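Laboratory data are not the source of any read-out in this text; all were calculated from the coordinates shown. Since the model is a prediction, treat every value here as computed from it, not as a measurement. With ideal geometry, Cβ positions are generated from the backbone for all residues, glycine too; neighbour counts draw on all protein chains shown.
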Protein chains: 2
Amino acid sequence: MEKKSIGVGLMGFGVIGSQVARVLLDRQEHISEQAGCAVVLRKIKVIEPDLGTPKAKAVDSELFTTDEDDFFNTPDMDIVIELIGGVNPALSYHERAIKSGKHIVTANKELIAKHGSELMELAKLHNVSISYEAAVGGGIPLIAPLQKDLVANNIDGIYAIINGTTNYIITRMSSEDIDYPEALSEAQNLGYAEANPTKDIEGIDAAYKLAIMASLTMEIKIIPDDIFCEGISKLESRDFRYASELGYAIKLLAIARHSNGFVEVHVYPAFVPGDSFLAKVDGVYNAVLVEGDLVGKVTFWGEGAGAKPTSSAVVANVIQAAKKIACGDTSYNYWKIKPGKRVKPMPEIINRYYIRMTINDKPGALAGIAGVFGDCGISISTALQKEDNIEEKSAEIVIMTHPAVEEAMRAALNELNNLAVVKEINNFIRVEE
Amino acid sequence: MEKKSIGVGLMGFGVIGSQVARVLLDRQEHISEQAGCAVVLRKIKVIEPDLGTPKAKAVDSELFTTDEDDFFNTPDMDIVIELIGGVNPALSYHERAIKSGKHIVTANKELIAKHGSELMELAKLHNVSISYEAAVGGGIPLIAPLQKDLVANNIDGIYAIINGTTNYIITRMSSEDIDYPEALSEAQNLGYAEANPTKDIEGIDAAYKLAIMASLTMEIKIIPDDIFCEGISKLESRDFRYASELGYAIKLLAIARHSNGFVEVHVYPAFVPGDSFLAKVDGVYNAVLVEGDLVGKVTFWGEGAGAKPTSSAVVANVIQAAKKIACGDTSYNYWKIKPGKRVKPMPEIINRYYIRMTINDKPGALAGIAGVFGDCGISISTALQKEDNIEEKSAEIVIMTHPAVEEAMRAALNELNNLAVVKEINNFIRVEE
């Protein structure tokens with residue numbers, strides 16, 4: 001029952017959508033050869049027809065439609081590529097496509113993170129596939145390796161630098177010794193950060209991607225709301241200086257790992273050892289370190305965004321989907337969610353911590369501070385007292401702790417805040433070894 | 001036409017074979033769930049039955065056979081895993097398996113590098129698949145990403161640190177400032193280098209892996225004999241010191257790239273920029289940088305050898321093969337070799353070069369040397385004269401050139417050798433930017 005030609009419909013014709021259309025049209029022969037059958041772009045759904053732009057002129061105008069029904073009623077359309085982004089109206093488009101037996105290829109991280117599990121249930125029911133390689137890490141092969149190539153492993157943990165905007169800002173703060181506002185505005189000027197950068201800066205974008213990777217590999221349904229999320233806006237250039245002095249780099253990490261029967265999922269800035277691989281991932285690059293019980297550590301590194309890299313992942317998904325449809329292979333990859341697994345509550349996680357505070361420089365100040373840690377059952381591994389400000393009679397203290405429970409750490413921070421000698425707790429950052 | 005159970009036969013029960021058997025047996029439920037059908041180990045071919053070892057005791061002794069016919073006549077054996085290594089007798093086993101309609105999974109880099117193309121022709125004829133993820137980079141997903149996830153791209157180049165033994169030795173020479181013999185014997189003591197390390201040290205092992213990646217991605221049949229191959233044994237610790245001073249690291253690189261209608265394939269030690277990703281790949285780790293015209297640069301990093309990582313790749317291949325067999329998917333990945341592409345002859349390649357030589361320290365020495373480069377049409381970008389040995393009246397000169405044709409460079413080296421002022425050309429190393 002071989003199909004000789006596979007039809008594709010595209011929803012969205014922005015920067016990424018138009019790039020995908022271009023690859024599908026320009027490389028049709030190559031794509032069809034790889035898929036083992038003709039792969040034909042049949043329809044493009046746009047919000048408004050803007051046929052005068054160069055990107056639209058490169059496409060046969062007959063392909064465009066603004067009408068949803070017209071799009072979904074296109075004959076011989078086996079695969080729908082959704083590149084609109086966001087939950088609405090994308091969710092309803094996904095449902096409509098699935099219910100009419102069409103396979104889905106998407107780069108929509110928010111939708112898959114929030115509704116992936118239900119969409120896969122629906123897809124299973126209607127015997128179609130959902131592919132979302134481009135939703136995580138742009139063109140870097142990540143979903144397929146996790147789905148297929150590492151599938152003999154139990155995945156112990158995922159440690160990801162998965163947001164290029166924040167990694168660019170962090171890299172600049174670290175290498176140029178500039179503060180957050182300056183680095184952010186530099187990133188905005190270069191087009192690496194949006195005018196409203198909240199989703200990137202606060203780690204929400206990273207949490208979407210983490211939710212997808214965790215749901216895929218850890219047999220638990222993780223939605224963004226399950227993920228403890230802390231952004232980079234409170235980092236200061238002096239934190240990077242101390243990190244470097246102590247042998248670390250600071251990175252915004254998205255972490256998913258098994259931990260005593262629980263699953264930990266969080267996004268936060270973390271100290272990582274200076275000689276580690278993740279410490280060396282600079283600029284807008286992404287890297288995802290996967291720990292499997294057979295493979296050990298493997299890392300995938302590359303550009304995590306951009307129209308061309310994203311089109312690489314989208315079109316690869318289209319080719320694989322077309323290949324399967326053409327030869328009647330219905331063994332699709334859905335998330336394998338099992339009951340009984342739970343997310344570890346944040347107060348129970350165990351980490352080492354870095355704390356930086358400003359104190360009144362009096363005799364016995366450090367002793368009082370150290371006493372608070374002791375009372376909370378937290379051991380100190382390193383303490384630095386520095387930079388006396390003689391006029392203000394203040395000093396800066398940096399503490400690195402041994403592993404401690406987050407709850408105890410928060411109690412200690414509360415007590416420190418009440419200590420007369422402590423003027424301000426400037427920052428506290430978790431440490432990943 | 002769904003098959004409910006897929007039978008597997010295993011050839012080879014050494015370190016890797018026994019590990020694979022263990023994973024297949026211990027994780028049978030997990031593997032079968034992933035494959036969507038039962039995956040059952042039916043037979044293990046060994047040279048001599050050594051049923052007393054712990055690894056053999058962990059396996060039902062009924063599974064072992066020493067007899068080739070007995071092995072191949074095992075009923076319901078759909079997949080043969082070949083973990084013997086080398087060309088003979090593995091080649092004949094592959095042919096026999098294929099001709100009897102069995103799918104192949106192998107970690108045999110030498111066989112696939114030397115005979116992959118013919119074996120795939122044969123496999124095509126008999127409608128079976130050949131999977132060889134474990135042949136390159138141990139457990140690092142490489143073959144599947146190149147075969148599937150990056151398939152929308154034109155692959156422009158592959159730059160690989162793909163031999164853990166040499167990378168360990170190089171890392172030690174560089175970081176500890178020790179010379180080659182000491183680093184080699186250290187690697188041997190740690191089990192990272194074999195007693196006879198020739199295949200690793202001379203780049204032959206890396207060439208096997210490069211031949212496979214190039215044949216897979218560049219539409220040309222590359223066998224190891226096509227690959228210019230230079231090992232690491234002539235490197236000295238002072239080369240690493242100069243490299244560092246000039247802002248570079250030295251790595252044994254396996255390179256395949258398109259170049260003006262030709263394909264370049266070579267393995268040699270090369271200067272790579274000190275801030276590049278490949279410069280940071282240390283110890284026994286492997287990393288493969290792939291450049292695609294859509295995806296840009298992506299890099300895959302991890303442990304390139306070892307029983308557990310290798311078993312991760314082998315079992316993933318078994319699961320994917322079983323899945324396809326079970327649902328009748330016959331869209332296998334063979335190399336797409338096209339006529340007309342040729343390997344670029346080594347004298348025609350263009351590189352920058354590093355040359356280190358010992359000279360008689362006389363007035364005009366450097367001028368004479370620079371003159372030779374000029375006569376051969378090679379521009380010098382940097383020249384360092386150092387370390388006068390007053391007793392021997394000698395000095396060391398290091399030259400970095402601008403891009404030059406290899407043939408011109410070799411002519412220059414010949415002329416330099418004939419120059420009275422040159423006592424010895426100590427090393428010459430290519431530079432990859």
To the nearest whole number, what is the average tally of beta carbon atoms from other chains within 10 Å of the beta carbons of peptide B:280-289? 2
Name the residue farthest towards the positive end of the dipole of the protein assembly as shown from the options A:Ala326, B:Ile227, A:Leu384, assuming +1 on Cβ of Lys and Arg, -1 on Cβ of Asp and Glu, about the Cα centre. A:Ala326
C-alpha center-to-center spacing [the range A:1-63, the range B:113-153] in angstrom: 29 Å
Using only the alpha-carbon atoms, how far is helix A:204-217 inclined from the longest principal axis of chain A? Give it as 0 to 90 degrees, nearest 10. 70 degrees
About its Cα centre, how strong a charge dipole does chain B have in debye, to the nearest 20, once Lys and Arg get +1 and Asp and Glu get -1 at the Cβ? 1160 debye
Please get the size of the charge dipole for the range B:139-212, origin at its Cα centre, with Cβ charges of +1 on Lys and Arg and -1 on Asp and Glu, quoted in debye to the nearest 20. 420 debye
Could you give the angle, 0 to 90 degrees to the nearest 10, between helix B:90-99's Cα long axis and the longest principal axis of the Cα atoms of chain B? 40 degrees
Obtain the nm distance between the two label points defined at B:Asp70 and B:His126 by a simple spin-label model: each point lies 7 Å from its Cα along the Cα-to-C-beta direction. 2.2 nm
Ordered shortest first, which distances in nm separate the 7 Å Cα→C-beta label point of A:Thr382 from those of the other copies? 3.1
How far is A:Leu51 from the same spot in each other copy, in nm, shortest first, if each label point sits 7 Å from Cα toward Cβ? 8.0
Shielding of A:321-334 by partners, i.e. mean partner chain Cβ atoms within 10 Å per residue? 4
So how do A:Lys221, A:Lys338 line up by other beta-carbon neighbours within 10 Å, fewest first? A:Lys338, A:Lys221
Does the protein assembly as shown come out rounded, prolate or oblate, given a ≥ b ≥ c as the square roots of the eigenvalues of its C-alpha gyration tensor, rounded meaning a/c under 1.5 and, failing that, prolate meaning a/b above b/c? rounded
Roughly how tilted is helix B:307-326, in degrees to the nearest 10 and between 0 and 90, from the longest Cα axis of chain B? 50 degrees
Among bridges DSSP assigns within chain A, what percent are antiparallel (round to 5)? 70 percent
Under a straight-distance cross-link criterion of Cα-Cα below 26 Å, which lysines are reachable from A:Lys393, leaving out those fewer than 8 residues away in the same chain? A:Lys234, A:Lys362, A:Lys423
Among A:Pro269, B:Leu210, A:Thr74, flag the residue with its Cα farthest along the positive direction of the charge dipole of the protein assembly as shown, charges on Cβ as +1 for Lys/Arg and -1 for Asp/Glu. A:Thr74
Two pseudo-spin positions, 7 Å from Cα along C-beta at B:Thr330 and at B:Asn417, lie apart in nanometres by 5.8 nm
List the residue from chain A whose beta-carbon is nearest to the axis that rotates chain A onto chain B, together with that distance in whole Å. A:Asp329, 2
Could you give the distance between the Cα centres of the range A:209-249 and the range B:173-246, to the whole Å? 37 Å
Violating pairs (Cα-Cα greater than 28 angstrom) within the set B:Lys43/B:Lys199; A:Lys55/A:Lys148; B:Lys209/B:Lys308: B:Lys43/B:Lys199; A:Lys55/A:Lys148
Once B:Thr53 and B:Asp375 are pulled to full extension, the length gained, defined as 0.36 nm per residue separation minus their Cα-Cα distance, is 109.2 nm
Would you kindly work out, in nm and rounded to one decimal, the distances from the label point of A:Leu125 to those of the same position in each other copy, ordered shortest first, with label points 7 Å along Cα-to-Cβ? 5.0
Here are some pairs, A:Lys124/B:Lys221; A:Lys109/B:Lys324; A:Lys45/B:Lys324; which of them have Cα atoms lying more than 32 Å apart in this structure? A:Lys124/B:Lys221; A:Lys45/B:Lys324
Calculated FRET efficiency, B:Gln28 and A:Thr382, Cβ-Cβ r, R0 51 Å, to nearest 0.05? 0.60
Tally the DSSP beta bridges in the protein assembly as shown and give the antiparallel ones as a percent, rounded to 5. 70 percent
Roughly how big is the protein assembly as shown's charge dipole about its Cα centre, with Cβ charges of +1 (Lys, Arg) and -1 (Asp, Glu), in debye to the nearest 20? 2000 debye
On a full-extension model of 0.36 nm per residue, what is the gain between B:Lys362 and B:Ser244, subtracting their alpha-carbon distance, rounded to one decimal in nm? 39.7 nm
